[in-house]
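Here the structure comes first, spelled out in structure tokens, and everything after it is commentary.
The values are calculated or read from the model by the stated rules, or taken from the named source; none is laboratory data. These figures come from a predicted structure and were not determined experimentally. Cβ: placed from backbone, ideal geometry, glycine included. Neighbour counts: every protein chain shown.
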Amino acid sequence: MKPQEMGSPAEGCVFCQIAGGRLPSIRVFEDDDFLAFMDIAPLTEGHFLLATRAHYATLLEMPGGLLARALPLAEKLARAALAGLAVPAFNLLQNNGEAAGQAVPHWHLHVIPRRRPGELGLAPGTPADMTRLPLTAEKIRLHLK
Ligand code: AMP
Ligand code: ZN
């Protein structure tokens with residue numbers, strides 16, 4: 001198998017197949033760079049995905065120009081979901097890497113309409129260990145360029 005070139009279609013990638021029209025999807029938006037389509041296993045009613053047309057495995061591979069467009073586009077789509085579905089709230093969720101629960105390694109952002117707290121069954125965090133928290137923050141700060 002050839003090594004994956006950034007942005008070129010990846011063999012067997014479900015979202016590349018959707019983007020290329022080889023797999024069906026129910027679309028809510030598309031332009032030259034992005035498409036948004038309904039999730040086939042929605043976490044809530046109206047859950048859809050915003051994906052790049054080109055194949056980038058995670059946020060870290062995406063070119064800056066696309067990154068700059070992604071959040072304003074998500075905002076526009078989320079506003080339409082709030083209005084169209086008459087929901088009061090939404091989550092944006094974006095998984096990067098298997099350990100983060102990313103099942104489809106082609107960049108996408110979940111737009112999840114929300115009607116009430118607790119709908120997603122996420123457990124609240126546990127209180128931080130305040131002796132370690134500054135050190136953890138420092139480990140991150142050290143790598144900011
Ligand atoms: P993630 O875990 O962030 O990679 O999420 C992948 C999402 O893609 C899941 O919510 C799946 O339900 C959804 N999904 C997988 N295949 C399809 C498909 N063919 N059409 C629409 N959504 C899909
Ligand atoms: Zn892909």
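Residues to consider are 51, 81, 57; find the one that is surrounded by 17 or more Cβ atoms within 10 Å (Cβ to Cβ), aliphatic (A, V, I, L, M), within 13 Å of ligand 1 (Cβ to nearest atom) and under 21 Å from residue 26 (Cα atoms).
Being surrounded by 17 or more Cβ atoms within 10 Å (Cβ to Cβ), aliphatic (A, V, I, L, M), within 13 Å of ligand 1 (Cβ to nearest atom) and under 21 Å from residue 26 (Cα atoms) holds for just one of 51, 81, 57, which is 51.
Sort out which residues of the stretch 90-125 are aliphatic (A, V, I, L, M), more than 10 Å from ligand 1 (Cβ to nearest atom) and either over 30 Å from residue 17 (Cα atoms) or within 10 Å of the chain's Cα centre (by Cα) (or both), and write them in order of number. Write out each step before concluding.
In the first step, residues of the stretch 90-125 are kept if they are aliphatic (A, V, I, L, M); the result is 92-93, 99-100, 103-104, 109, 111-112, 120, 122-123.
Within this subset, residues satisfying the condition of being more than 10 Å from ligand 1 (Cβ to nearest atom) are 92, 99, 111, 120, 122-123.
Those that are aliphatic (A, V, I, L, M), more than 10 Å from ligand 1 (Cβ to nearest atom) and either over 30 Å from residue 17 (Cα atoms) or within 10 Å of the chain's Cα centre (by Cα) (or both): 92, 111, 122, 123.
Residue-wise test of (1) under 27 Å from residue 13 (Cβ atoms); (2) at pLDDT 95 or above.
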residue: 93; (1), (2): yes, yes
residue: 102; (1), (2): yes, yes
residue: 122; (1), (2): no, no
residue: 127; (1), (2): no, yes
**Prompt:** Name the residues in the stretch 1-29 that are surrounded by 14 or more Cβ atoms within 10 Å (Cβ to Cβ), more than 10 Å from ligand 1 (Cβ to nearest atom) and modelled with pLDDT of 95 or more, would you?
**Reply:** 13, 16, 19, 28, 29
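Look through 119, 138 and report the one residue that is assigned to a helix (DSSP H, G or I), charged (D, E, K, R) and out of contact with any Gly (no Cβ under 7 Å at 6 or more places or on another chain). First the steps, then the outcome.
Working: 119 fails: assigned to a helix (DSSP H, G or I).
Checking each option against the conditions leaves just 138.
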**Request:** For the stretch 60-78, enumerate the residues that are in contact (Cβ under 8 Å) with a residue 24 or more places away in the chain, over 18 Å from residue 29 (Cα atoms) and either in a helix (DSSP H, G or I) or of a type outside the set (A, V, I, L, M, F, W, C) (or both).
**Result:** 60, 61, 63
**Prompt:** Among the residues of the stretch 106-114, is any in contact with a Gly (Cβ under 6 Å, 6 or more places away or on another chain), within 15 Å of ligand 2 (Cβ to nearest atom) and in a loop (DSSP other than H, G, I, E, B)?
**Reply:** no
**Request:** Just name the residue that is surrounded by the most Cβ atoms within 10 Å (Cβ to Cβ) out of those in the stretch 84-105 that are touching a residue at least 24 places away in the same chain (Cβ under 8 Å) and part of a loop (DSSP other than H, G, I, E, B).
**Result:** 105
**Item:** Subset tally (residues that are loosely packed, with under 14 Cβ neighbours inside 10 Å and over 22 Å from residue 98 (Cα atoms)) for the stretch 39-48
**Value:** 1
**Fill in**
Here the qualifying pairs (Cβ atoms under 6 Å; residues six or more apart or on different chains; first in the stretch 4-23 and closer than 15 Å to residue 103 by Cβ; second more than 10 Å from ligand 1 (Cβ to nearest atom) and assigned to a helix (DSSP H, G or I)) come out as 10/16
**Asked** Which of the following residues is at pLDDT 95 or above and either out of contact with any strand residue (DSSP E or B) (no Cβ under 6 Å at 6 or more places or on another chain) or away from ligand 1 (no atom under 15 Å from the Cβ) (or both): 74, 70?
**Response** 70
